[in-house]
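Inspection log for the structure reproduced underneath, given as structure tokens.
Bear in mind these aren't lab numbers, they're just calculated from the coordinates by the rules spelled out. Since we're looking at a predicted model, the values are computed, not measured. So basically every Cβ, Gly included, is an ideal-geometry build from the backbone, and we count neighbours across all protein chains shown.
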Amino acid sequence: MMSAVKRTGTTAFLVRRGLAGVVTLLVASVLIFAATEILPGDIASAVLGRNATPEALAEVRAQLGLDASLPSRYLDWLGGFVTGDLGDSAAGLAAGADSAPIWEQISEPIRNTLILAGITIALLVPLSIVLGVLAATRVGRTVDHAVSTLTLVAISLPEFVIGSLLVLVFFVQLDVLPPVALVRPGENPLAQPRELVLPALTLLATSLAWTTRLVRAAMVEALASEHVEQARLNGFSERRVVWRYGLRNALAPTVQVFAQAVQYLVGGVILTEVIFSYNGLGKELVDAVVVRDVRAVQSMAMLIAVAYIVINILADLLVVLLVPRLRTAAS
Amino acid sequence: MSDAPAIRVEGLRIERADGVAIVDGVSFAVAPGEVLGIVGESGSGKTTTALALLGHAGRGLRIAAGTVEAGGQRVTGDRALRGRVISYVPQDPGSALDPTLRVGSALEHMLRAHRPERLTPAAIAAALEGASLPADATFRRRYPHQLSGGQQQRCAIAVALVCEPPVMILDEPTTGLDVVTQARILDEIDRLRRERGVAMVYVSHDLGVVARIADRVAVMYAGRIVEEGPTAAVLQRPRHAYTRGLVASIPDHGAPRRLRGMAGVGAAPGESPDGCAFVPRCPLAVPACSASVPPLAEVEPGRRSACLRAAEVPAPDVAEARAIAPTGGASLLVVDDLVARHGATTVVHGISFAIGRGECVALVGESGSGKTTTARAIAGLHEPAAGRITLDGDDLAGRARRRTPAQRRRIQIVFQNPTDALHPRQRVIDQVARPARVLRGLDGRAARAEATRLMELVRLSDRLYERFPRELSGGERQRVGIARALAAGPDLVICDEITSALDVSVQASVLELLVELQGALDVALLLITHDLGVVASVADRVLVLEAGQIREEGRVDKVLEMPEHPYTRRLLDAAPSLSAAVAGSG
């Protein structure tokens, strides 16, 4: 895919990747719709519970538009999604409300997730670069071993273990930070910054490990290249050799791994949100699944898919910008 | 030339972590405007020495002793002097130039780091012009991948030049370039040292190139300088047995002759700590040579040699003429109007030629001339777009797998890189036996017997038969490749640059072997090469290929002595020739 970029330039690359992204999303929409429709049970039975008589079920289903044919429901959902109307939450309607727009229901969790992801990324990128470079410039020495071992431990531990450990240390033992990040509806999580510390640290610990290891690997490779050797022979200081000549060439391969980290973070970090009772997209998604609010699940899954595709395109674009060979034609 | 040397090296010793010296006792001085050539084969320590001149030791190495003084300052350990007092032009600028730096920025970085007061567009333009590059804004905004190989090398020279250091180290700066570009770069290097009085150390494995550019030459073997002196004198009348062997190994289109390879392979570091490392290969060796390391001593004014029998080294036998087989016999293979493409690009534009039985035909041309594609088409590895190839009058299919087993047996190919062309996990005897079994239908025992016979024929020592390719040297691997091709009992062997990855002394013995085998087995050879010296040494007839078309064709002596096509003349003028360089400077 990258090699084709050479001839056509950055704009054409973006157009082509954009079109491919749209096709991917269409396929994803079919899969999401099909997968959620196949799930046993529906909102009607979930709402009615033990009161579910066939007549009551049929009535609720008709009320919620669940009796229409599959293709027509798919087209209705997709058309709404594309035009920015995610529709009404079946759970809200079933509870008796006249209208319960899904967007209103999920916009706050999305914002909360983005805030937490943003904080984590802002710390993740510089930290993993610094640690990766430190380890790469000291291959086989104490710092390298320390970084490698610690990151390996962090990779091996699931986030609920890390989260619980952090709570144990910072709340139970030291009592300096709150163990939960309860964001009440209508409230901005940034108003309680202390509450965000432990969730952000948990996410950081889980993603920092692999980004650091990949930065290290890319940096080791860059530092072994002939042009870095030549930079030394040209008499540049070691610091400049590492940070300008080494890191500059190690960035392109690390962009992809940072992109994956961002995708992971905005895609709703379910476990972390649940541990800290944080009202984010992941938690909202779980709630919607529990009540069989199929339409809300579909819309959230689709939004996450859009985010993945957009991040992928941006990452590829960044790589193209970082590697002159990919954006300028050879003469 | 002034008396004060621009660079003076004293007692340089570079060790591996285990204390074994890679380079030892290296001392020399170079005056302003003078070029010292350091020649040696792989493993001689020449590049390690070149890097140490800037105070740099590669991974796992350290400079254990010695001093380097450049421009009156001690270089060892002071990185800030690099670029300003002494600069380095790398072997492969394609990978040594930072791919993310524009030409202009690379030069700016140098000035900002070493001569910030001179960081002006004029200084950058001057450096570009000094390296014969355009200095306009468009060119300065180019990235390395947008430059040709020659431009990349000029760009590396401009970077080395921009801070106007009094000393430049050039490490095989023309090795990856075609001969015409190489000749231009050499002219430019020569102009720089004359106009700017830069002292240069020019490291190369290519004696022809060094003869052309260097005033004095230092010959390295196994980490030591074994002989040093004025270039023409050293090459005409070597005072060390190794130098003599090296000169006799060099194929020279200016003086075609039988090549004489050196026995054995280059010594590894630390192999002979107590004596002359060349003893195992030396025809003149006496017991005293192994008793202690012979010192590099003055043998006549301006000449030093580390050979105990320096006075007895005979002059290289350059007069021994070679036989050229008569051409025009029955045709074995006929190529008729061959067209070959790579994707949408046509690389071979309808060429026609014939190869007679037992004839050695060379196909010469620069990279991109289509010579390898032609070879691959004949071997059935590249399907031609149009044209016919016939073997004894029978049409050959475009792909080897659609040819009959007999046809496949009769055409064999030996590849450029023996390391890639051999199976890494199979013993070499089995690899040689396989074609005899598969293509000639011999049973296992007979095939192994045949393999043994052929490996003896290519002079592989019998202790190597059961080894794996990685346990063999490059020259030995290429002999395995040749034996494997012969095991099929071919009528035509295509040799695609088979010696270009080898050291000259090894190349000479492989070429020597090829000529012998051709005579003994009556095999026709198609030699693909860019090296006119190789052509002159072994071919009967030559085809000159340029841009996918045959420019000239004829008996090798005729074409090389009286080339008719301007392209052939250009190639000949550009190709380094030891005899021409020595005659020119003498």
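A few notes on this one:
- Proportion of all alpha-carbon pairs of region B:451-499 beyond 16 Å (%): 36 percent
- Using θ = phi - 60° in the Karplus curve 6.51 cos²θ - 1.76 cosθ + 1.60, the 3J(HN,Hα) couplings for region A:298-311 round to 4, 5, 5, 4, 5, 4, 5, 4, 4, 4, 4, 5, 4, 5 Hz; x is entered for Gly and Pro.
- For region A:238-279, the Kirkwood hydrodynamic radius from C-alpha pairs, put into Stokes-Einstein at 4 °C and a viscosity of 1.567 mPa s, yields a diffusion coefficient of 103 µm² per second.
- For the pair region B:535-564 / region A:93-160, the C-alpha centres are spaced 67 Å from each other.
- Per residue Cα convex hull volume in Å³ - calculated over region B:270-402: 240 Å³
- For region B:473-586, the C-alpha radius of gyration divided by 2.2 N^0.38 Å, with N the number of residues, is 1.15.
- Burial ordering of A:Trp243, A:Trp77, fewest other beta-carbon atoms within 10 Å first: A:Trp243, A:Trp77
- FRET E, pair A:Glu37, A:Ala95, Förster distance 25 Å, beta-carbon r, rounded to 0.05: 0.70
- Cα gyration tensor shape for chain A, rounded if a/c is under 1.5, else prolate or oblate: oblate
- Here the simple spin-label model places points 7 Å from the Cα toward Cβ, and for B:Ala268 and B:Ala291 these points are separated by 2.9 nm.
- Evaluated over the Cα positions of region B:104-250, the convex hull gives a direction-averaged projected area, one quarter of its surface, of 9.8 nm².
- For chain A, the longest principal axis of the C-alpha atoms and the axis of helix A:102-137 are separated by about 20°.
- Along each principal axis, Cα extent of region A:12-114, largest first, Å: 58, 31, 20
- Take every Cα pair under 8 Å whose residues are at least 6 apart in sequence, average their separation, divide by the length of region B:308-410, and the relative contact order is 26 percent.
- Calculated SAXS-style log₁₀ I(q)/I(0) at q = 0.17, 0.21 Å⁻¹ - region A:202-331, Debye, Cα scatterers: -0.95, -1.19
- For chain B, the ratio of Cα radius of gyration to the globular rule of thumb 2.2 N^0.38 Å stands at 1.01.
- Kyte-Doolittle at least -0.5, axis length at least 15 Å by Cα - qualifying DSSP helices, chain B: B:103-114, B:149-161, B:428-438, B:444-457, B:474-487, B:504-521
- Helix A:70-82 axis, angle to chain A major axis (alpha carbon atoms, nearest 10°): 50 degrees
- Prolate is the label for region A:105-290, because the ratio a/c of its alpha-carbon gyration tensor axes (a ≥ b ≥ c) is 1.5 or higher and a/b is greater than b/c.
- Global form of region B:11-88, assessed from the alpha-carbon gyration tensor, a/c cut-off 1.5: oblate
- Rounded to the nearest 10 degrees, the inclination of helix A:142-156 to the longest alpha-carbon principal axis of chain A is 10 degrees.
- For the protein assembly as shown, diffusion coefficient by Stokes-Einstein and Kirkwood Rh (Cα), 10 °C, 1.306 mPa s, µm²/s: 48 µm²/s
- Shown in residue order for region A:188-200 are the 3J(HN,Hα) couplings computed by the Karplus curve 6.51 cos²θ - 1.76 cosθ + 1.60 at θ = phi - 60°: 8, x, 5, 5, 10, x, 4, 5, 7, 4, 5, x, 5 Hz (x for Gly and Pro).
- Within region B:432-472, GluC sites (Glu not before Pro) in DSSP loop having at most 15 other beta-carbon neighbours inside 10 Å: B:Glu466
- Loop exposure criterion: trypsin sites (Lys or Arg not before Pro), DSSP state outside H, G, I, E and B, at most 10 other Cβ atoms within 10 Å. Applied to chain B, the longest stretch between such sites is B:60-424.
- Region A:105-290: relative contact order in percent, alpha carbon pairs under 8 Å with at least 6 residues between: 34 percent
- Beta-bridge orientation, the protein assembly as shown: approximately 55 percent antiparallel, per DSSP, counting only bridges with both partners inside.
- Neighbour count of at most 16 Cβ within 10 Å plus DSSP loop: longest trypsin sites (Lys or Arg not before Pro)-free window in chain A: A:142-331
- Computed from backbone phi with θ = phi - 60° and the Karplus coefficients 6.51, -1.76 and 1.60, the 3J(HN,Hα) list for region A:20-32 is 4, x, 4, 4, 4, 5, 4, 4, 4, 5, 4, 5, 4 Hz; x is used for glycine and proline.
- Under a 5 Å amide H cut-off, with hydrogens placed 1.01 Å from N, B:Glu359 pairs with B:Ala524, B:Leu525 among residues at least 5 apart or on other chains.
- Antiparallel bridge percentage (DSSP; both residues within chain B; nearest 5): 55 percent
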